[in-house]
Amino acid sequence: MEIIKTLGEFIIDRQHEYPDASGELTSLFSSIRLAAKILHREINKAGLADITGAAGDENVQGEQQQKLDVYANERFKNALAQRGVVCGIASEEEEQFVKFEETKNLDGKYVVLIDPLDGSSNIDVNVSVGTIFSVYRRVSPQGSHVTEEDFLQPGNKQVAAGYVIYGSSTMLVYSTGNGVNGFTYDPTIGVFCLSHPNLQIPEDGTIYSINEGNYVHFPEGVKKYIKYCQEEDDATSRPYTSRYIGSLVSDFHRNLIKGGIYLYPTSSRYPQGKLRLLYECNPMAFLIEQAGGRAIADPGQRILDIEPKKLHQRCPLFVGSPKMVDKLEKFVEEFG
Ligand code: AHG
Ligand code: MN
Ligand code: MN
């Protein structure tokens, strides 16, 4: 009989890999796992219950909040506050970071940054969405209130990062800096099971993912790279395939498994790029590097080395198979 390894067993097996393991990160993952299961349940009945559509407010980025954005934010926030290992969170959906004030939380070692529902405009049309999370050790002393400095750390300081994809099946993919592992949720037993051990992105690929409708607004180097992807050349399997879902988690997940590149450049509409450094780019960059890929914001600018200045800072993102990112980088270097 096939042996099933659950996420819980896997985390306990690996606990010795963390230098000062004391079970706190295990507890943090338990809260993420619990909130993910609840989100799975709600998303799966999205067409039946009155939970699709706009919530009527805008978030700090000036974007329409969907009802499920608000729901997901509350779920993850509550789950993370309940165990005393997290002292605060920052969320794409909240203007200020959230301090967890209970005594047990003040002693918490970790902060979590989260995009509770990524790709939320896809929810009303039954297309995959996700949750992205990023974990740092606080820099302020334990026992005190969390500070902004705890959240404004470069991505290379991440202790763990991951995402949940609510797709044709629900999966949790994460890394604590020792490779990337994927777990598929079996809703009949309520358990995430190891299905994708040690995920590695193919060194090269044939998929490029970008919102091409914005072509006229892109920098010249990106335009030239898109044309390169579309040219015919048997030796390099071009033209490549264009795939774009519009949920970063889903586009990233596909490219991670099949090989590919995801691009969200600066444009005249989004002069700094659209994606958020702390909630989207950093966790994805951490995962891709752990899986053997690359993530850059500009030629020579590794996402993980960017010093964040503000919580909701935006950032261009080029992420995926290393050879494809190398190629894109050359185009941007040459043509700007
Ligand atoms: P969110 O739903 O968390 O605001 O994120 C949406 C992001 C990302 O998931 C996706 O890749 C990108 O926005 C799509 O943007 P465009 O519609 O501009 O292509
Ligand atoms: Mn998002
Ligand atoms: Mn979101």
Problem - So residue 153, is it open to solvent by 10 Å² or more (accessible area, probe 1.4 Å), part of a loop (DSSP other than H, G, I, E, B), closer than 20 Å to residue 27 by Cβ and outside the structural domain of residue 310 (by TED's automatic domain parsing) - result: no
Practice task
Pull up region 275-333, narrow it to residues that are away from ligand 1 (no atom under 16 Å from the Cβ) and basic (Lys, Arg), then point me to the one that is surrounded by the most Cβ atoms within 10 Å (Cβ to Cβ).
Solution key: 294
Problem - Of the criteria (1) open to solvent by 40 Å² or more (accessible area, probe 1.4 Å); (2) not in a loop (DSSP other than H, G, I, E, B), which one residue 3 fails - result: (2)
Handout entry: residue 183, sole failed condition from (1) outside the structural domain of residue 269 (by TED's automatic domain parsing); (2) within 23 Å of the chain's Cα centre (by Cα); (3) in a loop (DSSP other than H, G, I, E, B)
Key = (3)
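A quick yes/no check of all residues on (1) away from ligand 3 (no atom under 13 Å from the Cβ); (2) surrounded by 21 or more Cβ atoms within 10 Å (Cβ to Cβ):
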residue: 47; (1), (2): yes, no
residue: 50; (1), (2): yes, no
residue: 60; (1), (2): no, no
residue: 76; (1), (2): no, yes
residue: 87; (1), (2): yes, yes
residue: 105; (1), (2): yes, no
residue: 116; (1), (2): no, yes
residue: 124; (1), (2): yes, no
residue: 136; (1), (2): yes, yes
Exercise for the section: Please specify each residue of region 107-154 satisfying the condition of being at positive phi and away from ligand 1 (no atom under 16 Å from the Cβ). Expected result: 143
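The values are calculated or read from the model by the stated rules, or taken from the named source; none is laboratory data. Since this is a predicted model, take the numbers as computed values, not measurements. FYI the Cβ positions are ideal-geometry reconstructions off the backbone, even for glycines, and counts take in every protein chain you see. Heads up: the accessible areas ignore ligands, DNA and RNA and are worked out on the full protein's heavy atoms, side chains in. Shrake-Rupley method; radii C 1.70, N 1.55, O 1.52, S 1.80 Å.
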